[in-house]
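Asker: Input: one structure, supplied below.
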Amino acid sequence: MHRQRVIIRTLGLATAVALAATACGPQKAESAGSSSSAPSAPTADASPSASPSTDAKPGDASPSASPSASASTSPSASVKPSPTVKQVMANGDDSEQVRELQARLKQLKLMTVAPTGFYGSKTTAAVKAFQSKNGLTATGSVDEPTWKKIQAATKKPTADELRPPVVNEADAPDPRCMEGRVMCISKESRTLAWMIDGKVVSTMDVRFGSENTPTREGVFNVGWKAKDWTSTIYHTPMPYAMFFSGGQAVHYSADFAARGYNGASHGCVNVRDKGKLSALFDQVKVGDKVVVYW
């Protein structure tokens, strides 16, 4: 009994220390405990037992097999497979080629947002729309015929089309952002607008925590800053960190820069443009307001 009390007290102390520590490492695209976790995936793809090969496995053919059984399998065996169409891009990809695709889709007015390089739901919907209009199978993925038709219907994107000054379109600022020095952060448009006395000075793309570790909403203040910081819980770098609510901070994320929105933070506001955030870090002062809203 005495030993159990010691263990409980020790766990309580450890929990308190963990809550007080700074966090915010990147999460994987699928969180632990998700219904789409790795162990379940193979069962969906494990099709040999249901495939036609069960009718005659290699080495299993025997003289006793009846002629009628072999005849029943002959029609399907005689059908020649259609040529494989090479896949070029698909949902989940993150590359410069995807950025070019998005710029071309914007030329066709099938996308309204600026290119990000990440192939997500909006890009999938735009590709499906193009395929439907052009007599292609509307899969939402870009195969060679789709890519060739998109290229033929558009011009090569310029540097400004590929990387416009603002990637996500910022919302109208929340009324609480209209006075003083404010990092105005919209969860809906996924943007951070640095504002001084109601005027937008700069904007940048951001992402947030997952459902299990959400970024808190409300009005806060920058409590402290650290140009070079590493999470004491997740041991991941948090450059240009500006803490506004406990362990939650605005900071640069290499993971966000690499994978886009195919992931999430542990509650922090991730910024993917390191150059823009570096300039913002130099301007923001401890005590400046932070507004996080939908």
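Asker: Give all pairs with beta carbons closer than 9 Å in which a residue from segment 118-129 that is farther than 16 Å from residue 205 by Cα meets a residue that is among the basic types (Lys, Arg); count only pairs at least 6 apart in sequence or on separate chains.
Answerer: 126/106
Asker: Which one of the conditions (1) polar (S, T, N, Q); (2) assigned to a helix (DSSP H, G or I); (3) touching a residue at least 12 places away in the same chain (Cβ under 8 Å) does residue 132 fail to meet, given that it meets all the rest?
Answerer: Only one criterion in (1) polar (S, T, N, Q); (2) assigned to a helix (DSSP H, G or I); (3) touching a residue at least 12 places away in the same chain (Cβ under 8 Å) is unmet by residue 132, namely (3).
Asker: I've got another one for you. Name the single residue, out of those in segment 231-290 being without any contact (Cβ under 8 Å) to a residue 60 or more places away in the chain, assigned to a helix (DSSP H, G or I) and more than 20 Å from residue 99 (Cβ to Cβ), that is farthest from the chain's Cα centre (by Cα).
Answerer: Ranking the candidates gives 282 first.
Asker: Same structure, new question: Does segment 111-122 include one or more residues that are modelled with pLDDT of 90 or more and of a type outside the set (A, V, I, L, M)?
Answerer: No, every residue in segment 111-122 fails to be modelled with pLDDT of 90 or more and of a type outside the set (A, V, I, L, M).
Asker: Go through segment 182-230 and count every residue that is within 16 Å of the chain's Cα centre (by Cα) and small (Gly, Ala, Ser).
Answerer: 3
The values are calculated or read from the model by the stated rules, or taken from the named source; none is laboratory data. Since the structure is predicted, the reported quantities are computational estimates derived from the model, not experimental observations. Virtual Cβ from ideal backbone geometry, glycine too; neighbours counted across all protein chains shown.
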